[in-house]
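Asker: Mind looking over this structure? Questions follow.
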Amino acid sequence: MNTLEDRAVTSAHQWDDAVKFMESTLTGQLKTAQERSRDMVGPTATERWLYWQSKSTEQSSRDATVQELRKLLESNKDHGESLAADELTTVRKNLETRSVSVQEPFINDTWKQMFREHFLQQALTNMQECKKAFYHRELATSQLHCDDVVLFWRIQRMLHITANALRQQIESSEARNLNRQVKNILDSLSHNPDMKRHLVTGRQVELAEELKRVRSIQEKLDSFISALQEEKRS
């Protein structure tokens, strides 16, 4: 069954949360991929001119390979994640005409990085189209291909459930540890007279005992005064 047809996401709020989670994840992954690509091909012409930077030999070869591979992506936006043997041969020969000599593993490695960035960009573009698709399930299913939003909603829900379970487990574990520590302390106190004396002495304890004595004296004085008054009346 199609993930949209099972109506797993039951509210627009859940859909929006899933889209935000998907956007955040893809944006972070795309940023990492773009940084990796920049490191792979080296500084741009502007950066070389402004900051007196230069490309290494490998970076120059990568840059030339990227330019050839970009032609493949531009001619076929839905290209698969692997290059065919004839495509590898074509790219390698085109590079040879530019005096760039590279082997097929080098081309494949460059392609994997390029395709990852291309895939993430396409996913982000598609996600933007799916933002308001909650109320148009048929359109989302047939044309927009928003199944990934539901997938991210399931992942997010699983993470929430897992986090709650872990929190409850930690709280329960901490409660057991605290109970065990209190019990150990009480057991130690029961077998340590010096510690018990230390706990039941101190300025506050002394003040309480003095207050108790003052209250006792006050009660005795009140009784004595009452007795004197009774004697006078008699």
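The values are calculated or read from the model by the stated rules, or taken from the named source; none is laboratory data. Fair warning: this is a prediction, and the values are worked out from it, not measured in the lab. Positions of Cβ are backbone-derived with ideal geometry, glycine not excepted, and every protein chain shown enters the neighbour counts. Accessible surface is based on the protein model in full, side chains and every heavy atom, while ligands, DNA and RNA are left aside. Shrake-Rupley method; radii C 1.70, N 1.55, O 1.52, S 1.80 Å.
Asker: In Å², and per residue, what accessible area does segment 1-122 have when probed at 1.4 Å with the other protein chains present?
Answerer: Numbers: 7690 Å² over 122 residues.
Accessible area per residue: 63 Å².
Asker: Rg/Rh for the chain: what does it come to with C-alpha atoms and Rh from Kirkwood? Could the numbers behind the result be given before it?
Answerer: Details: Rg = 38.7 Å, Rh = 26.0 Å.
Rg divided by Rh gives 1.49.
Asker: For K20, list the aspartates and glutamates whose Cα falls under 19 Å from its own Cα; do not include residues on the same chain fewer than 8 positions away.
Answerer: E129, D147, D148
Asker: With the crude spin-label approximation of a point 7 Å out along Cα→Cβ, what separation in nm comes out for D86 versus W49?
Answerer: In this crude spin-label approximation the distance works out to 4.1 nm.
Asker: In nm², what is the average projected area of the convex hull enclosing the Cα atoms of segment 60-194?
Answerer: On the way: hull surface 69.0 nm².
Its Cα hull, projected and averaged over all orientations, spans 17.3 nm².
Asker: If I compute solvent accessible area with a 1.4 Å probe over the protein chains, what percent of it on the chain is carbon and sulfur?
Answerer: Working: 9100 of 17060 Å².
After summing per-atom areas, the C and S share lands at 53 percent.
Asker: Output ³J(HN,Hα) for segment 222-229: one whole-Hz value per residue in order, computed from phi by the Karplus curve 6.51 cos²θ - 1.76 cosθ + 1.60 with θ = phi - 60°, and x for Gly and Pro.
Answerer: Here the 3J(HN,Hα) series is 4, 5, 5, 5, 4, 5, 5, 5 Hz.
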